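To keep things clear, I will list the structure first and then write my remarks on it.
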Amino acid sequence: MKPEIIYFSVTPRVVPANATSEIVIRPLFDHSAFRDDLDYELAYFPSEEFAQRSGWPENTRIRAKPENGAIRFTQYFEAEQEHAICLESLNGEERKQVGDFRVYSVEEDLYARRAYKGDLHIHSSRSDGRETPGYVAGACRRIGLDFMAITDHKQYGPSIEAQEAFRGVEHDLRIFRGEEVHPPNNPVHMINFGGRFSVNDLFVSDEYRSDVARLERELGPFPPGVDSYQYASCAWCFNKIREGGGLAIFCHPYWYTSHRYAPSGAITTHLFETQPFDAYEIIGGKRNRTRSKSRVTTRNAQRESPFRLLASATHTAASGTRSSAGTTRLFSRARPSSLTLSAA
Ligand SMILES: [Zn+2]
Ligand SMILES: [Zn+2]
């Protein structure tokens, strides 16, 4: 993380698009305090070079004078984009960067919402993660997540364990139930985030076999190379996850293992074409991040895609902020009246 993010507060960070707002940059610590013996200059850049209406004067610096320990300035923030605000200190001829701060302007629909940060795909030591569910939830709280679920392989229980670990404790992390769904003889992995019941537990039922056989007939014929059972099994799982009120996520679509993609390219392509899921992961896991990201980028360039998610698929919380590289932002209509969110 850039030091200026920790050493200074910038308020507001999110401003209405196509309006003038006042921004305040305030040092949070003695070691980052503005000094009386230095001069300060600000340069403003709309990151998409989109600022026609404000007549943005490129590469213009303005003098900034700290007042009551803070620097204030007003700016017209055009359109929906990221804006860079570069603050420098001047000591005679010597120019030093204090910080490269970012402000985001958004239209009314997003401005009215609250951004929450969370992780929808996490493992604990109950599958191939390293720490217990309660520890992982605590670590999520420590790095400032708003929501999470333990989604262990074929198990719903660890997500309940994470909730139980904080029973009776007031905290501001919303711990959801969840699991990673692995159907028998189907290499497609799916996340059940927030569902009221386990989908993994249903594979032993006769209902699963008969429903999937029916879906194979109804959803076919399938393109060459698509295994009809595997596709029907995925469709069944995504529907079941939704039936329980969960978010159905196609995990790590380009999982590279044993020198090939698993699931096969044919079924992945057919899943993307038919989109029986709510969302899919852009980044899954650490090992194949670059490969899966470039494949998904290509995929997105090829066609309009549904809701995309970042997921860390983290297997250890001990590294703290590292898992935040793959968190997901959701935009809620309103902030709850109390910071204490009850776990579902
Ligand atoms: Zn998986
Ligand atoms: Zn996983």
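Brief remarks on what is shown
- Residue list for segment 253-266, restricted to those being modelled with pLDDT of 85 or more and either in contact with a Phe, Trp or Tyr (Cβ under 6 Å, 6 or more places away or on another chain) or surrounded by 21 or more Cβ atoms within 10 Å (Cβ to Cβ) (or both): P263
- Complete set of residues in segment 67-99 that are surrounded by 15 or more Cβ atoms within 10 Å (Cβ to Cβ), charged (D, E, K, R) and in a strand (DSSP E or B): E88
- Any hit, segment 124-133, residues being touching a strand residue (DSSP E or B) at 6+ places or on another chain (Cβ under 6 Å), assigned by TED's automatic domain parsing to the domain that holds E170, within 16 Å of ligand 1 (Cβ to nearest atom) and under 20 Å from N192 (Cα atoms): yes
Residue-wise test of (1) assigned to a helix (DSSP H, G or I); (2) within 16 Å of ligand 2 (Cβ to nearest atom); (3) among the acidic types (D, E).
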| site | (1), (2), (3) |
| --- | --- |
| R126 | no, yes, no |
| Q155 | no, yes, no |
| Q163 | yes, no, no |
| I175 | no, no, no |
| N185 | no, no, no |
| V188 | no, yes, no |
| N192 | no, yes, no |
| L215 | yes, no, no |
| V226 | no, no, no |
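- When we screen A115, A139 for residues that are away from ligand 1 (no atom under 16 Å from the Cβ), surrounded by fewer than 16 Cβ atoms within 10 Å (Cβ to Cβ) and outside any loop (DSSP other than H, G, I, E, B), the only hit is A115.
- Candidates I175, I150: the one that is within 16 Å of ligand 1 (Cβ to nearest atom) and aliphatic (A, V, I, L, M) is I150.
- Close pairs (6 angstrom Cβ cut-off, 6 or more residues apart or separate chains): small (G, A, S) in segment 200-228, in a helix (DSSP H, G or I) anywhere: G220/S228; G225/A266; S228/E216
- Some residue of segment 243-252 being within 15 Å of ligand 1 (Cβ to nearest atom) and either surrounded by fewer than 22 Cβ atoms within 10 Å (Cβ to Cβ) or assigned to a loop (DSSP other than H, G, I, E, B) (or both): yes
The values are calculated or read from the model by the stated rules, or taken from the named source; none is laboratory data. Note that the structure is a prediction, hence the values are computed from the model and not measured. Note that each Cβ is placed from the backbone with ideal geometry, even for glycine, and that neighbours are counted across all protein chains shown.
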